[in-house]
Amino acid sequence: MHTHLLARELVARGHEVTLFAHPDSDPQFDLAPIAVKENAGFLTYTRAIRRAVRFANLGDYDVVHNNTIHFLPPLLAQGLAAPMVTTLHTPPYKSHRLTARLTKQVTNHHYAAISHFLGRQWAPFIGDNYTVIHNGLDLVAWPFSAAPEPKTAIWYGRFTPEKGAEYGIAAARAAGYRLTLAGPVYDQAYFDRAVAPELDETITYAGHLNQAELAELVGRSAVGIVTSVWDEPFGLVFAEMLACGTPVVGFDSGAAAEIVTPDVGVLVPKYDVQALTQVLGEVEGSRERQHCRKRMMDAFQVERMIAEYESLYQRLISLT
């Protein structure tokens, strides 16, 4: 999604963009197809990544933007005619740490972290050679809603243990809220054990919704609940909920505090269902939905993200 939004908005601002991606990617772009089967092995995928970077070096590009979650592209940056930007989307996994150490002094390569929290996680390996550029949100896709249904809550995301749906369910039930759950079931055993037995007339599962359906559901909910128990590198769900005007409660995980300010929601310690229960009703009654939307308009619009990447591109180009 980040790659698609970045490419779309850069084109809209008059840039020529070539997208090195799967052949079935959005045909609106100038596409350089890199075919990899869905379940391709590690070596096959790595060869495809190497091929993409080599093809990029044959073109007349001003900058190469690496959005892959792969250790190889930064290692190949030094051989490129154009500077490379690598956006960091994940924690510094073990396979990436050596790459980070080897590339932190490469002059035509620069890291962009999607949050200050993530940048601090990577700093031991890349030093201070990174720029924080928060993810941007297409606010048109997440319309504002001023009239939610009272005592309703929304939780959505992948159904896996690290997303912690069971904590949201427990808090909503204890606070007397009707909770709607949505999202793909990635871990069926977890869903069957921790979620399915809790479903009833007040705790319901809406399925894996498309973006428009999800935005409509978020907009009519009085409160959003986010209970991730791993350290989210950004926390896009928080931003999407707030864009619709829906105040949020959630666990203080990863970069959440960079998005959620006291005037739009409340964060509590991880796993503290009692604290989450206590703040549910408080947030619905005390946070103005217009303030939630304004928070996103001021800090997380996609236009801001694109402008910051443009500035970074220009700075790197001027150094080559």
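The values are calculated or read from the model by the stated rules, or taken from the named source; none is laboratory data. Predicted, not measured: the structure shown is a model, and the values here were computed from it. Cβ: placed from backbone, ideal geometry, glycine included. Neighbour counts: every protein chain shown.
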Test for Ala112: is it hydrophobic (A, V, I, L, M, F, W, C), part of a loop (DSSP other than H, G, I, E, B) and in contact with a strand residue (DSSP E or B) (Cβ under 7 Å, 6 or more places away or on another chain): no
Out of (1) at pLDDT 95 or above; (2) in a helix (DSSP H, G or I), what's the single condition that is false for Arg54? (1)
Here are some conditions: (1) buried (at least 16 other Cβ atoms within 10 Å of the Cβ); (2) within 18 Å of His109 (Cα to Cα); (3) touching a strand residue (DSSP E or B) at 6+ places or on another chain (Cβ under 9 Å); (4) of a type outside the set (D, E, K, R). Phe71 meets all but one. Which one does it not meet? (3)
Met297 meets each of (1) in a loop (DSSP other than H, G, I, E, B); (2) touching a residue at least 24 places away in the same chain (Cβ under 8 Å); (3) not hydroxyl-bearing (Ser, Thr, Tyr) with one exception, condition (1)
Check whether at least one residue in segment 281-296 is hydrophobic (A, V, I, L, M, F, W, C) and more than 21 Å from the chain's Cα centre (by Cα), and report yes or no. yes
Can you tell me which residue within segment 1-24, out of those that are part of a loop (DSSP other than H, G, I, E, B) and under 24 Å from Leu312 (Cβ atoms), is modelled with the lowest pLDDT? Met1
Reported set for segment 147-190 where residues are at pLDDT 95 or above, among the small types (Gly, Ala, Ser) and not in a helix (DSSP H, G or I) is Ala153, Gly157, Gly164, Gly176, Ala182, Gly183
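A quick yes/no check of all residues on (1) in contact (Cβ under 8 Å) with a residue 24 or more places away in the chain; (2) surrounded by fewer than 14 Cβ atoms within 10 Å (Cβ to Cβ); (3) acidic (Asp, Glu):
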| position | (1), (2), (3) |
| --- | --- |
| Gly164 | yes, no, no |
| Gly168 | yes, no, no |
| Gly176 | yes, yes, no |
| Arg193 | no, yes, no |
| Ala196 | no, yes, no |
| Asp200 | no, yes, yes |
| Val218 | yes, no, no |
| Ala222 | yes, no, no |
| Ile225 | yes, no, no |
